[in-house]
Structure formats: structure tokens, C-alpha cells
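Below is one structure; the comments refer to it alone.
The values are calculated or read from the model by the stated rules, or taken from the named source; none is laboratory data. Quick caveat, the model's predicted, so the values are computed rather than measured. Glycine gets a Cβ as well: all are built from the backbone with ideal geometry, and neighbour counts include every protein chain shown.
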Amino acid sequence: MGPVEKAFAELSQEEYDLRLVVNRLRREVYQQTDPWASERLSAELKEAEKELSRAEMARAAAQAKDKKSGLIFDTEKTHGLLGADTTGLEAKVHLRMAQVPTSICHLLNREENPLLSCVVRNADNTGIRRLRIVSFIDGYSARAVDTVELKARSKHEFKQLPTLFPDRTCGVTELTRAALNVVVEDLDGQVELHKTEPIWLLARTTAPLVVLDPQTGEWRDMTPYLGAFVTPNVPVLMTFLRVVADQHLRKQLVGYQGSPEEVEPQIRAIFDALKADADVTYVNSVIDFNPDQGSATQRVRLPRESLEDSLANCIDGTVLFASLVEGISLSPAIVVVPGHAFLAWETWRDQNGYSNEWKYLETTMIGSSTFEEACASGERTAREYKALAERVWKKKARRFKV
């Protein structure tokens, strides 16, 4: 192992060790009836998260400098492959996702979240090359295809994200190994290169909060796609809204009709129905199998499953609550902070559009606390992390003189 590889290995180990500490503290903090009940634990968690962030940036910087990181093949440097000397063509392919998030992959954009990127170059001094690049996951996806005409000494980069077959990936209930196929071919028949690379498919019940880009070493934020688990139109949830209505003083759910004062009582009715009728209890089921040490994924139950089982972790409870909120035509939001998620709802909406004013609720407290206590805890979590975000922004603004 050379000095560069050794340094990267040491940084990866440091990041992994710190993530274990952070995960332990997060469990301790968020398993409490009120996540903010212990000032000591909260302070320890903040300090540990700061150290983890530093370690992540150091490891990512080292990984980005490693030209082999995420490299599937490089015809210029890999022996045994056709390259510029024989074909006048150079091709370099990088894997851009350490794992494929099967639960949300259909929502991703290939430009922002590609599975692979390929750079091809016409090394000839004369003539135009017509090329085709194809990628697919054996047995699980359609073929992603791109074609290009390259002038002499020119190059082009493709980003590809093969479309997964829903009927195949629905059976991926555990971490699964699959084969990624990459084909680079000259349409005039002078060269054909076919390479397979083993990759990981995450289970359909996994909500990836971030996915590692092996080429850059950076974590890609996947939290905006958690809305894929919000399912307001599932029959069992529509039926449960009848139970919610019974908890409302006026026995009706009117959404944003009426006045702003009528919104919060509807949120309270959902809370009371989940507590009294569904008997939903918090359970800390955050562990999900993942090949990357320390990567951030979470086991997620669909809302109908949480109702059937009367169990929910922080993500489960939040997507269940958000589904019911959306089911009565109110606007919910899933608020994600490091290691945790909770609910927000928009306080009002009129003919002029959204108010962009939000209130918050800690869904893990449904089975153990009052509505007021859960709201107070959610408000405090939001306030703490808003203040942190403002401090980070001010620090960046001073650095770049924004």
C-alpha cells in the first residue's frame, strides 16, 4: 500500500469510527421521550457531528485526488483493452454511485445523479468517429444509450442512468449484488468494448439519505426524494381519515378552507387519532444493511405498514403523518436534520398562494406525549438547526465575501 492509499485508508477509518460515535449519540438523543430532554447529550452530539463533518471533508478531498477512485476502465492506461494505439479511440468510465437506491431511482435526473459517466475521445488526426455508449444492469434495467459524432482530437462526456424495471426491483428486499454492463462501440464497426462491473442494489425499503459518489468522494444528498414514501391516496389511509375526522371537534377536515385558525386543530386530530386509535408506538429501527461503512441509509415502512404494525421510527412516523396531512389537502414537509426527521406543516394558504410559514411536530412523541409537547419539541429542533445553518452561512459569507 502506497502513501496515498495509506492516508486515504486512515482517513476512511477515522470517519467510520467517528460515525459510530455520532450514531450512538443520535440513538441516545432521539430515543428520549423528548429529544431535547438532556442538554448534556445534545451538546455531545453537536460536538461529535462537527468532528464527523471535518473527517468527511478530509476523506472526500483525499478520495477526489485519487484518479482511480470509481474508475471502471480507462483504455489509455488499462492493458488488454483496445485503445488509441490500435483504434484511435480513448474511453474512460467512472462509477458515480456506490449503491443504486432502488426506492427512488425513478425520480433521479441523470445529469444531477448519474450512475456512471463516460468520457470518449477521438485520438485520430483526421476523420469523424461515430460512437455509441450503452449501459444496463443485468436483469434489472433497460438500456441507456447515447450516440455522438466526434471530430478529430475532440472528446465528449456522457452521463447515464439506466431505467430500472419496477417488476424486477420490487423483489429486492435485501442488499443485492448485480452486474453493471458498459459497452463502447464504433458504429462503423472498428472497435467494440464490453465491460462488466459488480455493483450494489439497495433494498426497496431503504431510504438513502445520501449516496457516495466514488469519483469525487462527495456525498450526494438524497433527502429531497423522501417524498416518494408519502402516499396519501392509499385506500387504508383514506379510510383512516374517517377516524381522524372523529377526533376533530367539528367532525370535519376542511384543509385550508375557512380561516388560518382552523388548520392546527386538523393536525391535532391526526396526532390524537394516531395515538388513541392507531396506537402508533416509536421503535428505533434505523439499521439497514449497506456495503459502505458508515453510509447513511434508513429502513422505511410505508405509511400503510406503519398503520398495520402500529410501529414507526422517526422517518416512518413522519412520512405517515405527512401522508395524512396531504390527504386532507394541507401542505406537509419532511424536515431532515443529521440523524433525524420530523414533520412540518404550512400554516395557511389562500388565493395568493403559499404562506411559507411553518409549524413543526416531533412524530416520535406520538405514543408518549401530548400534542403540545410534541409541537414544542419539533419547534425547538427546527430552531436549533436554523441557528446552526445561519452560523454556517455567515461563516461561508465571510470566507467568500458574499
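Would you check if residue 179 is surrounded by fewer than 21 Cβ atoms within 10 Å (Cβ to Cβ), in contact (Cβ under 8 Å) with a residue 40 or more places away in the chain and either in the same structural domain as residue 352 (by TED's automatic domain parsing) or under 25 Å from the mean Cα position of the chain (by Cα) (or both)?
Against the criterion (surrounded by fewer than 21 Cβ atoms within 10 Å (Cβ to Cβ), in contact (Cβ under 8 Å) with a residue 40 or more places away in the chain and either in the same structural domain as residue 352 (by TED's automatic domain parsing) or under 25 Å from the mean Cα position of the chain (by Cα) (or both)), residue 179 qualifies.
Closer than 22 Å to residue 228 by Cα and modelled with pLDDT of 95 or more: is that true of residue 324 in this structure?
The answer is yes for residue 324.
Looking at segment 213-236, I want the residues that are acidic (Asp, Glu) and have a partner that is buried (at least 17 other Cβ atoms within 10 Å of the Cβ) and not in a strand (DSSP E or B) with Cβ atoms under 8 Å, at least 6 apart or on another chain. Which pairs are those?
That search, which allows pairs on different chains as well, returns 213/70; 213/96; 213/97; 213/98; 218/60; 221/209.
Name the single residue, out of those in segment 151-186 being in a loop (DSSP other than H, G, I, E, B) and polar (S, T, N, Q), that is farthest from residue 104 (Cα to Cα).
Ranking the qualifying residues of segment 151-186, first place goes to 154.
Every residue in segment 60-70 that is surrounded by 17 or more Cβ atoms within 10 Å (Cβ to Cβ) and either at pLDDT 75 or above or not small (Gly, Ala, Ser) (or both), please.
60, 62, 63
Going by what's in this entry, would residue 54 be described as surrounded by fewer than 19 Cβ atoms within 10 Å (Cβ to Cβ), part of a helix (DSSP H, G or I) and modelled with pLDDT under 75?
no
Any residue that is hydrophobic (A, V, I, L, M, F, W, C) and part of a strand (DSSP E or B) - is there at least one of those in segment 234-252?
Checked segment 234-252: no residue is hydrophobic (A, V, I, L, M, F, W, C) and part of a strand (DSSP E or B).
Within segment 253-282, which residues are in a helix (DSSP H, G or I), among the β-branched types (Val, Ile, Thr) and surrounded by fewer than 20 Cβ atoms within 10 Å (Cβ to Cβ)?
The answer is none; no residue qualifies.
Does residue 189 satisfy the condition of being over 24 Å from residue 137 (Cβ atoms), of a type outside the set (A, V, I, L, M, F, W, C), more than 33 Å from the chain's Cα centre (by Cα) and not in a helix (DSSP H, G or I)?
Yes: the conditions hold for residue 189.
Restricting to segment 103-130, give me the number of residues that are surrounded by 14 or more Cβ atoms within 10 Å (Cβ to Cβ) and assigned to a loop (DSSP other than H, G, I, E, B).
Residues meeting the conditions: 9.
Write out, first by first residue and then by second, each pair whose Cβ atoms fall under 8 Å of each other, whose residues are 6+ apart or on separate chains, and whose first residue, in segment 63-78, is under 17 Å from residue 195 (Cβ atoms) while the second is of a type in the set (Lys, Arg) and modelled with pLDDT of 70 or more.
From residues that are under 17 Å from residue 195 (Cβ atoms), the pairs are 70/96; 71/92; 72/195; 73/92; 73/195; 74/92; 75/92; 76/92.
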